[in-house]
Structure formats: C-alpha cells, structure tokens
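Taking it in order: structure first as structure tokens, then the write-up.
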Amino acid sequence: MSELPATALLYHDDSYLRHFDAAVIAVEGRAVALDRTAFYPGGGGQMADGGALTLDGRRLPLAAVRKQGEVVWHELAPEAGEPPAVGARISGEIDWAFRYRMMRTHTALHLLCGLIFTNYGAQVTGGQMYPDRARMDFAMEGFSPALVQDIEASVNQAVRENHPVRVYRLPRAEAMVIPDLIRTKINLLPPDIQVIRIVEIVGVDLQADGGTHVHETREVGGVRVLKTENKGKQNKRMEIALVDA
Ligand SMILES: [Zn+2]
C-alpha cells in the first residue's frame, strides 16, 4: 500500500467537522481508502469513529475505520452492498453523538493528567476511552478516598473555569525544549516525525497528541470518578465517566 498517497486528516484541523466530501483512492475487499477523511481512525486511547459514506444518494454504513501507515481505510458494513469504485466521489458523515462524547472524554482525561501531575507529580502510564467511561493509569503509590475526592473536585473546577483548548503544530526542535512535553516523553516519538501536533488546555495541560478535543473545557460537562484500582506498586488506575449537564 506504500504507493498510495497519504489520507489528509481533516479531524486534525477541525475536530467539529461532521460531513465532508472525498475521493476513493483504493478499494481492498470491503475497505475503502479516501484522499481525505474526517473519520478518526482510533489511536492514543481514543476509539475510532462510526458513521457512513454516501455514494450517489446510497448510504453505506461503516463497520470500522483504521489507519494503516498514512492511509485511512473505511470498512463497509455487510449491509452496505458493493463498495464504490476507485475514483468515485463520496461524502462521509460521522456518528457525531459518539464522536462528541469521545472529544469530551479525551479532553477530560487530559485535564486529569495535567492536574494529577501538577498536584501530585505523578506521570500517566496509559489510558483508554470507552463509549461510557475511560480509564487512566498513573505512576502513583495509591489513591486514598480523600485524594480521589480532591482529584474529582479539581477536574470539575477546571471544567467550570472554562479553559480554552488550543491545537497547533510546532517544529520538533522547538517542541523538544518545552518542559511539559519532555515529561510526557516526547523524545520517544519516531525521529521521522518533524512536526509535532500539540494539544494545550491553557493553564492546565500541554502534550503531543493526535486526538480530537472540545474547544473549551466547559463542554466536558463534568466528571465522576467511578473507581480506582491497584495495578501494581507504582501503578494505580482511575476510571471516570462524563457527567451530562
Ligand atoms: Zn490524548
């Protein structure tokens, strides 16, 4: 597939884009590669989008979206029938209810990450989003009930303070000297990545990130800590869920 041109990732520049037009550049079985897409293909703990393509007024629901190298593949559901031909012009519509929850959840996790680092000096070791909740692992000794209450309250306060969320790109050399990025192990990014996409929750968190986020923290609504779990001496897991306004 290396001969295919890279798919333009429209969600990187506009996470609120729900409809788009594109051209089919390749078809492999039931998987359709497009020249541009607003579908998030999964990664960085954020789940892939759902939705449908439309070809000549015919709706083609998607079963999966994934990124292989630089190309995003949109796999048609069985009921979609025949895939479009290479060169066909299609439109895409993402499942916005799902995506917007992912955006709110993703920004909530970055709030959590920034606040736990600022308040307790603990690094994130992993994380995953689900349709109804998310988990994040921290290099911490433990979470007491008081600490959990504190963390939940500080995240919800940051939501209410309505911090803007900024997305921008920096040349690698510039990004490498930002302390917040160094702590998130930006140096582990492959050396061929020369431009770093930054997601900054102004005043709370800043990290290299490829996901989709809300424009301001108020949109998160609020969070509730569902539970904490001991995953090892220096590894504690926290599970959160969004609270709808
Ligand atoms: Zn992220």
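The values are calculated or read from the model by the stated rules, or taken from the named source; none is laboratory data. As the structure is a computational prediction, the values presented were derived from the model and not from experiment. Quick reminder, even Gly has a Cβ in these numbers, built from the backbone with ideal geometry, and neighbours come from all protein chains shown. Ligands, DNA and RNA are excluded from the accessible area calculation, which covers all protein heavy atoms including side chains. Shrake-Rupley method; radii C 1.70, N 1.55, O 1.52, S 1.80 Å.
The table that follows gives values for the structure above.
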{"item": "Global geometry of the stretch 1-71, whether rounded, prolate or oblate, following the gyration tensor of its Cα atoms and the 1.5 cut on a/c", "result": "rounded"}
{"item": "Interchain or long-range residues, amide H under 5 Å from Arg36's placed H", "result": "Ala8, Ala23"}
{"item": "Total lysine pairs under 25 Å (Cα atoms) in the chain, excluding pairs fewer than 8 apart on one chain", "result": "5"}
{"item": "Estimated vicinal HN-Hα couplings, Hz - the stretch 54-61 in sequence order (Karplus 6.51, -1.76, 1.60; Gly, Pro = x)", "result": "10, 10, 6, x, 8, 8, 10, x"}
{"item": "Surface per residue (accessible, 1.4 Å probe) for the stretch 55-124, Å²", "result": "44 Å²"}
{"item": "Estimated dipole of the stretch 23-178 in Debye, rounded to 20 [Cβ of Lys and Arg +1, of Asp and Glu -1, Cα centre]", "result": "280 debye"}
{"item": "Table column - 3J(HN,Hα) (Hz), the stretch 68-75, Karplus curve with 6.51, -1.76, 1.60, x for Gly and Pro", "result": "10, x, 9, 10, 9, 9, 10, 8"}
{"item": "The stretch 86-245: C-alpha gyration tensor shape, a/c 1.5 cut-off, then a/b vs b/c", "result": "oblate"}
{"item": "Accessible surface of Thr118 - all protein chains present, 1.4 Å probe, nearest 10 Å²", "result": "100 Å²"}
{"item": "Distance between the stretch 155-174 and the stretch 1-67 - C-alpha centres, whole angstrom", "result": "26 Å"}
{"item": "Amide H partners (placed H, <5 Å) of Thr125, local residues excluded", "result": "Asp137, Phe138, Ala139"}
{"item": "Rounded accessible area of Arg59 (nearest 10 Å², 1.4 Å probe)", "result": "150 Å²"}
{"item": "HN-Hα J in Hz across the stretch 13-26 - Karplus 6.51, -1.76, 1.60, θ = phi - 60°, x for Gly and Pro", "result": "9, 9, 6, 9, 6, 10, 10, 7, 10, 7, 10, 6, 9, 6"}
{"item": "Surface share of carbon and sulfur [accessible, 1.4 angstrom probe, percent] for the stretch 86-217", "result": "55 percent"}
{"item": "Cα shape, the stretch 166-245, gyration tensor, a/c 1.5 rule", "result": "oblate"}
{"item": "Residue of Met47, Met176, Met103 that the Gaussian network model of the chain assigns the largest fluctuation, springs spanning Cα pairs under 10 Å", "result": "Met176"}
{"item": "Residue order for Leu111, Leu188 - accessible surface, 1.4 angstrom probe, largest first", "result": "Leu188, Leu111"}
{"item": "Computed magnitude of the charge dipole of the stretch 66-118 (debye, nearest 20; Cβ of K, R +1, Cβ of D, E -1)", "result": "300 debye"}
